[in-house]
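*Asks:* To start, I am sharing the structure in question, which I have written as structure tokens.
The values are calculated or read from the model by the stated rules, or taken from the named source; none is laboratory data. What you are looking at is a predicted structure, and each value in this text was computed from that prediction instead of being measured. Ideal geometry is used to build each Cβ from the backbone, glycine not excepted, and the neighbour counts take in all protein chains shown. The protein model used for the area step is the full one, side chains on, heavy atoms only, and it has no ligands, DNA or RNA in it. Shrake-Rupley method; radii C 1.70, N 1.55, O 1.52, S 1.80 Å.
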Amino acid sequence: MDRKVKLNFKDQKFAKYIKIVLIAILVIIEIIICAQHVGKRGGIPFIIYIVVCCVLLAVFEALNSFVIKKYAAKLTFYALDSVLLLAICLLTGNSYLSTLYCIVLTQFYLTFDEGKINTILFIVSCGLFVISFVCGWVVINKGASLYESIVQIFGDCVFGIFILGTHFAIINFLLKFYSNNVKLSVALKEADESKARLEAAYEKISQTAVYEERNRIAKDIHDNAGHSMTTVIMQTEAAKLLIDNNPEEAKNRIISANIQAKNALEQMRESVHLLAGRAHAKTLRAEFEEIIAQTIDGTELKIRCDLEDLQADEEEHRFLCNTLKECLANGIRHGKATTFYIELKNVLSCISLLISDNGCGVQGEINEGFGLKGIREKTEKLGGRCYFSSEDGEGFEVTITLPYQKNKELL
């Protein structure tokens, strides 16, 4: 395994089973080697030497697999294993030598699982295998001719190295495949965890957005509807005081209060729709026409308009409608206006709103109260511009320019 990837409990258990199986195979081969040499040359002392070497090799492999943790100590035990393999080869010849090397090397390939270290181990093991094989052949086959010895040694060494090379390629391929599979599993798990965190963050952001929208709607209700209702109360109170001495002025106050009450009711309905998650069902032009119709209903007001059917996002839509209501109410209440002109057009890829009246106008500098100040601040927040103009006896005019929705997306 790649050292940077930690094995989980199941992986460790699987690797443990593999090592147990390898040691069991090693013990079986050692038993076969010992059995083949019972009764042959050397007698009991010879068998004892073979058994001791085999037992030590099995013990060292078990310690290396389950007890020794440090890499330096493992390499030391590998050196001891190589010495024992040489001793077994000298005592028994070259039977099963490549198999024993494959078992020992498998333990180390599993331990290190690093291409560079495993390659070095493979090269060193090939050298030790050749040395062990040559020494074993020379000891066991002392009477063989030189030509026969060279041919036999060369052929068997080539075949043994081929076995070790094939073993090296297969084991390291399987380890690489397994390592990549573990990395992929870890990456998928991290991706799932990241996805879960993102979903939780998105949910939190969504809730925050909902809370912010509710706060904004509450502020709209407080600022717009609350202001309108306060004005209604003030206008009706003034009308009660003026109804006997100045009936005409009282009538105007009542008309103004009526308009403000309608506006407040419409704003409340709009806020309720927003809280319910319903978007504007009417177009901007249709909304303007309805506001104008409500304003002139039952009054002698005259309103001329030139309205284009423009597209605006929800925030702009709500702002423009509220601005129209505010300007109409201000013109009637403060300017005593009887006629209005409203223009809504697309001018140079911008939404242009013009509202003018024939009221008494403003003498001197325009004093922006709550309503006008709110209109200017909201316009600038939406990236637009706002102008107020008036002269004494010449009425009042409001001009608002907002970036058109499609053009705004390109900014």
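*Asks:* Might you check whether a residue that is over 16 Å from Ile400 (Cα atoms), in contact (Cβ under 8 Å) with a residue 40 or more places away in the chain and not in a loop (DSSP other than H, G, I, E, B) occurs anywhere in the range 299-307?
*Replies:* Within the range 299-307, not a single residue is over 16 Å from Ile400 (Cα atoms), in contact (Cβ under 8 Å) with a residue 40 or more places away in the chain and not in a loop (DSSP other than H, G, I, E, B).
*Asks:* Between a first residue in the range 158-187 that is part of a helix (DSSP H, G or I) and a second residue that is charged (D, E, K, R) and open to solvent by 50 Å² or more (accessible area, probe 1.4 Å), which pairs have beta carbons less than 9 Å apart while being 6 or more apart in sequence or on different chains?
*Replies:* As it stands, the answer is Lys183/Lys4; Val186/Lys6, since those pairs meet every condition given.
*Asks:* Which members of the range 115-127 meet the condition of being surrounded by 15 or more Cβ atoms within 10 Å (Cβ to Cβ) and not aliphatic (A, V, I, L, M)?
*Replies:* Taking the range 115-127 and keeping what is surrounded by 15 or more Cβ atoms within 10 Å (Cβ to Cβ), we get 117-118, 121-122, 125-126.
Those that are surrounded by 15 or more Cβ atoms within 10 Å (Cβ to Cβ) and not aliphatic (A, V, I, L, M): Asn118, Phe122, Ser125, Cys126.
*Asks:* Related question: Identify all residues within the range 172-186 that are surrounded by 12 or more Cβ atoms within 10 Å (Cβ to Cβ) and under 18 Å from the mean Cα position of the chain (by Cα); write none if there are none.
*Replies:* Residues satisfying the conditions are Ser185, Val186.
*Asks:* Just a yes or no: is a residue in the range 143-152 open to solvent by less than 40 Å² (accessible area, probe 1.4 Å) and touching a residue at least 40 places away in the same chain (Cβ under 8 Å)?
*Replies:* No: the range 143-152 contains no residue that is open to solvent by less than 40 Å² (accessible area, probe 1.4 Å) and touching a residue at least 40 places away in the same chain (Cβ under 8 Å).
*Asks:* So is Glu315 part of a loop (DSSP other than H, G, I, E, B), open to solvent by 60 Å² or more (accessible area, probe 1.4 Å) and either at negative phi or touching a residue at least 40 places away in the same chain (Cβ under 8 Å) (or both) or not? First the steps, then the outcome.
*Replies:* Numbers: part of a loop (DSSP other than H, G, I, E, B): no; open to solvent by 60 Å² or more (accessible area, probe 1.4 Å): yes; either at negative phi or touching a residue at least 40 places away in the same chain (Cβ under 8 Å) (or both): yes.
For Glu315, the condition - part of a loop (DSSP other than H, G, I, E, B), open to solvent by 60 Å² or more (accessible area, probe 1.4 Å) and either at negative phi or touching a residue at least 40 places away in the same chain (Cβ under 8 Å) (or both) - is not met.
*Asks:* Do we find that Lys70 is farther than 13 Å from Leu164 by Cβ, free of Cβ contacts under 8 Å to residues at least 12 places away in the same chain and within 43 Å of the chain's Cα centre (by Cα) in this structure? Reasoning before the result, please.
*Replies:* Values: farther than 13 Å from Leu164 by Cβ: yes; free of Cβ contacts under 8 Å to residues at least 12 places away in the same chain: yes; within 43 Å of the chain's Cα centre (by Cα): yes.
Judged against the criteria, Lys70 is a match.
*Asks:* Just need a number here: residues in the range 214-246 that are of a type outside the set (Gly, Ala, Ser) and modelled with pLDDT of 75 or more. Give the derivation first.
*Replies:* Here is the first cut: in the range 214-246, the ones of a type outside the set (Gly, Ala, Ser) are 214-217, 219-224, 227, 229-237, 240-246.
Narrowing the set further to residues that are modelled with pLDDT of 75 or more leaves 232-233, 236-237, 240-246.
Qualifying residue count for the region: 11.
*Asks:* So, one more: Being at pLDDT below 85 and either part of a loop (DSSP other than H, G, I, E, B) or open to solvent by 40 Å² or more (accessible area, probe 1.4 Å) (or both): is that true of Gly371 here? Please lay out each step first, then the result.
*Replies:* Values: at pLDDT below 85: yes; either part of a loop (DSSP other than H, G, I, E, B) or open to solvent by 40 Å² or more (accessible area, probe 1.4 Å) (or both): no.
So Gly371 does not fit the description; no.
*Asks:* Follow-up. Tell me which of these Gly361 doesn't satisfy, since it passes every other one: (1) under 15 Å from Ser389 (Cβ atoms); (2) in a strand (DSSP E or B).
*Replies:* Exception for Gly361: condition (2).
*Asks:* Out of everything in the range 276-291 that is among the acidic types (Asp, Glu) and surrounded by fewer than 17 Cβ atoms within 10 Å (Cβ to Cβ), what residue ends up being modelled with the highest pLDDT? First the steps, then the outcome.
*Replies:* From the range 276-291, those among the acidic types (Asp, Glu) are 287, 289-290; that's our starting set.
If we keep only those that are surrounded by fewer than 17 Cβ atoms within 10 Å (Cβ to Cβ) too, we end up with 289-290.
Working: Glu289: 89, Glu290: 83.
Result: Glu289.
*Asks:* Still on this structure, please answer the following. If Ile355 passes every condition in (1) at pLDDT 90 or above; (2) part of a loop (DSSP other than H, G, I, E, B) but one, which one does it miss?
*Replies:* All conditions pass for Ile355, except number (2).
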